[in-house]
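Comments concern the structure below.
Please treat every number below as a calculation from the coordinates, not as lab data. As the structure is a prediction and not an experimental result, all values here were calculated from the model. In this analysis, Cβ positions are derived from the backbone assuming ideal geometry, glycine residues included, and neighbour counts consider all displayed protein chains.
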Amino acid sequence: MPDFSFNPIPQPDIRMKDLYNPSEIEQQAQQYWESHKSFEVSEDTSKEKFYCLAMFPYPSGRLHMGHVRNYTITDVIARFQRMQGKNVLHPMGWDAFGLPAENAAIKNNTAPAKWTYANTDYMRSQLKELGFGFDWTREVTTCKPDYYRWEQWFFTRLYEKGLAYKKVSAVNWCPNDQTVLANEQVVEGCCWRCDTPVERKEIPQWFIRITDYAEELLKDLDKLPHWPEQVRTMQKNWIGKSKGVQMSFDLSAPIAGHDHFEVYTTRPDTTMGITYVTLAAEHPIALAVAEHNPALAEFIQECKVQSVAEADMASMEKKGMDTGLKALHPITREEVPVWVGNYVLMDYGSGAVMAVPGHDQRDWEFARKYDLPIKQVVASKDGEEIDLNTAAFVEKGILVNSGEYDGLDFNAAFEALSQTLVAAGKGRVTTNYRLRDWGVSRQRYWGAPIPIFNLPDGGEIPVPAHKLPILLPEDVVMDGVQSPIKADVSWKKDELDGQAVERETDTFDTFMESSWYYARYAGPSSESMIDSDKANYWLPVDQYVGGIEHAILHLLYARFFHKLMRDEGLVACDEPFERLLCQGMVLKDGTKMSKSKGNTVDPAELIGQYGADTVRLFTMFAAPPEQSLEWTDSGVEGAFRFLKKLWKTVQTHLAAGEPGELNPAELNDTQKDLRRKTHETIAKVTDDYGRRQTFNTAIAAVMELLNEVGRNADRANEQGLSVEREALEAAVQVLAPIVPHICHELWLALGHSEPVLDVTWPAADEEAMVKSSITLVAQVNGKVRAKLEAPADADKDALEKLALADPNVQKFIADKMIRKIIVVPGKLVNIVVA
């Protein structure tokens, strides 16, 4: 049993008030937790640790119901694990950088820092009102220098290792927000935030080599059996490992120093079906041709403003233009035309594709539009006829029209054609990944400055440790056009060893901050990025909770960052998050709650009307955590009624007198039934909380127990009161993680001096759950004729005699011959008569 240290709660007069008053009891409970520092934890190797974490919020200003649900889930898990005797860390902080703060600052005529800190103050108070048991001593605010200083330091270490680098890259550029957008942030060719048409632009960008870890990130997904399979699959697809052939196409006539280009394909079996090749608009060869071809230059410019999000690329109209160049087929040496296509991206592969319109749907659509040849080189394995006039045949099959390779299946063709290409010096077998290096540069202001000094004669060096942090000025004026640090000439200036240098004015992608905050919680330090001894005690996170929308980017970047920290010697384990729960959305009238839809519910108003416990109870009871929750006012009112019923039941019990010591041998059948229900409920709720994480069914089980208390109240003697006391204490204990305030108060009212928060979780008594009697069905020729109460240990003969003696059964077997009697122990007796 864990050693709980607590100060007894003064109890001058424990008489329950008649009415449940949530505002009063919630304030009292929260004051107790605050004054006793109930949720502050330190590393204690004598205890089993449990690190419970919710994805930290962006400080938007007010909590919404999605926040409430997310943090209630982790609070329930954390409190449950604490009552299991574990040393529980449950921290909270703020993902405080980002463009929304800039936009809000412009709208409200203030500075992002002032706006952000005001929001964190208000949201912190809201979180405390909800009774969440966070260790606020470990609070992280990512926009504060004590946090981003170490992020800057870590980036300089990556730079020195060659894992961070700068290159000119084509990006999605929002001219209104003056920043780079990820492909997923471009919706129908426009910025997801301001709806401005997005442009493709080439600018210097900072990258981190996540591709160096692609294989480990893929392989280590097998170490995460407690993650949702959907999330692991999404990450596997995003990393996108494939085996293929990198082949070279010579140009029949070089242009601007370019005499060849390369393509990567996973389908070398279709090589003999190449009828043209397609370059990306930004491909160097396309740009070289465009210098003397105004029409092509105009087309390339048009491609720069189209969406490059995968969903949009798949559905958009395929467009292209013939460059007039010819490339030589790497095997036959026949000339094939070179086109530029809007469906080829420079960011993927080599920015060029071999076009096999007979066996690739994109190429087929393009070829049909521009009347390019379509050649079949793969036939169906089962001999099914293929009509290339209706669509490409994209299945793997048997080669045809491919000369010496005819008749080969995919594997044999892959081997034979790749060998031919290798022998000719025109190809090599390689493993590729869809994953691309992580671009961490952002051109906005409200982010951590990238710690690089640009040198007067060109080049750059990382900012030395003694010059860190590079502080972001907080007292700025936002004009909505340019980043204040890009516009501030004096801020850019710095010096190093007497030499003038210029600071980098790009800031980090905010995914940087959210990729390591969990480790900072675990190992806070003023002297280093992470106190490794503390972090290694707590890590990995035992339970992580957050939305499925973070399945790829945040969770993949955090896994990558963790491995970088491991290789720097900061953490010891390979993966940051042991178990992942992706909670569902909160819906109202069938759609996701959002301000734009005008269907939000203000948690503050609900707390004022019903109390925090009602809000917490409803969010846990309305649906399993991974499913969407449909908001209903009646559901909230029902949760409130249940808490009032719980309050009244305990009050009535206490008014009936003091129970004696419970003696199972003295219990009558009614009392035994209630006691059995109590321990069955403990067993079920324990499993629901721990293994299944289905908190709604746990609540339902306690509701059933409370109904049983109401039906079987036997307060005429001490044993009846004792059984009822055991049931009510168990109900209060197992509900405490979900509705901690009312349970804090009820536990005291039931005569305890220690807080329920620190009480050991109740154990189910196996003996109490053994049934002394069972109910079984008596049938005649398969039809139910009676229900029988029988001793639980009754044998077959006893059950037969019991069934035959029942008056209603006797009516249906009178004057009939009994052919046989079938006994199914614990269920039924079926008497077959002629």
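Structure notes:
- 0 to 90° range, to nearest 10: angle between helix 229-239 axis and the chain longest Cα axis: 10
- All-pairs Cα distance distribution in the range 608-673, expressed in whole percent, bin size 10 Å: 17, 31, 23, 22, 7
- Between the residues GLY324, GLN376, VAL263, the greatest Cα displacement towards the positive end of the dipole of the range 241-433, with unit charges on the Cβ of Lys, Arg, Asp and Glu, is found for VAL263.
- Take 388-394, 270-276 and order them by the average number of nearby Cβ atoms within 10 Å per residue, most first; the result is 270-276, 388-394.
- By definition, a body whose alpha carbon gyration tensor gives a ≥ b ≥ c is oblate when a/c is 1.5 or more and a/b is not larger than b/c, and the range 467-602 fits this oblate description.
- Hits among lysines - C-alpha to C-alpha of LYS396 under 30 Å, sequence gap 8 or more where chains match: LYS219, LYS236, LYS241, LYS243, LYS318, LYS319, LYS326, LYS369, LYS375, LYS381, LYS426
- Sorting MET354, MET316, MET565, MET593 from the fewest to the most surrounding beta carbons within 10 angstrom yields MET316, MET593, MET565, MET354.
- Expressed as a fraction of 2.2 N^0.38 Å, the C-alpha radius of gyration for the range 773-833 is 0.99.
- In terms of other Cβ atoms within 10 Å, THR278, THR591, THR156 run from fewest to most in the order THR591, THR156, THR278.
- Mean residue ellipticity (222 nm) of the chain, computed from DSSP H runs ≥ 4 via -39,500 (n - 2.57), nearest 500: -11000 deg cm²/dmol
- As a calculated quantity, the FRET efficiency between THR430 and LEU455 at R0 = 30 Å, using C-beta atoms, amounts to about 0.25.
- Taking the centroid of alpha carbons for each part, the range 685-764 and the range 539-618 are 29 Å apart.
- Convex hull volume per residue in cubic angstrom - Cα atoms of the range 597-712: 129
- For the cross-link pairs LYS114/LYS592; LYS107/LYS595; LYS677/LYS796; LYS37/LYS128; LYS166/LYS493; LYS166/LYS304, the ones whose C-alpha atoms lie over 24 Å apart are LYS114/LYS592; LYS677/LYS796.
- Acute angle (nearest 10 degrees) that the helix 294-304 long axis makes with the longest principal axis of the chain, alpha-carbon atoms: 10
- Charge dipole (debye, nearest 20) of the range 773-833; +1 at Cβ of Lys and Arg, -1 at Cβ of Asp and Glu: 340
- Model label points for ASP758 and GLU215, set 7 angstrom from Cα along the Cα-to-Cβ axis, are 5.3 nm apart.
- Size of electric dipole in the chain: Cβ of Lys, Arg +1 and of Asp, Glu -1, about Cα centre, debye, nearest 20: 1540
- The spread of Cα positions in the range 241-433, taken along each principal axis and listed from longest to shortest, comes to 48, 36, 31 Å.
- When both the range 461-491 and the range 100-120 are represented by their alpha-carbon centers, they are found 17 Å apart.
- Cβ charges +1 (Lys, Arg) and -1 (Asp, Glu), total dipole of the range 241-433, debye: 340
- Shape class for the chain, computed from the alpha carbon gyration tensor (a ≥ b ≥ c): oblate, with a/c not under 1.5 and a/b at or below b/c.
- Helix 796-805 vs. the chain, principal-axis angle (Cα, 0 to 90°, nearest 10): 60
- Fewest-first ranking of ASP687, ASP44, using other Cβ atoms within 10 Å as the exposure measure: ASP44, ASP687
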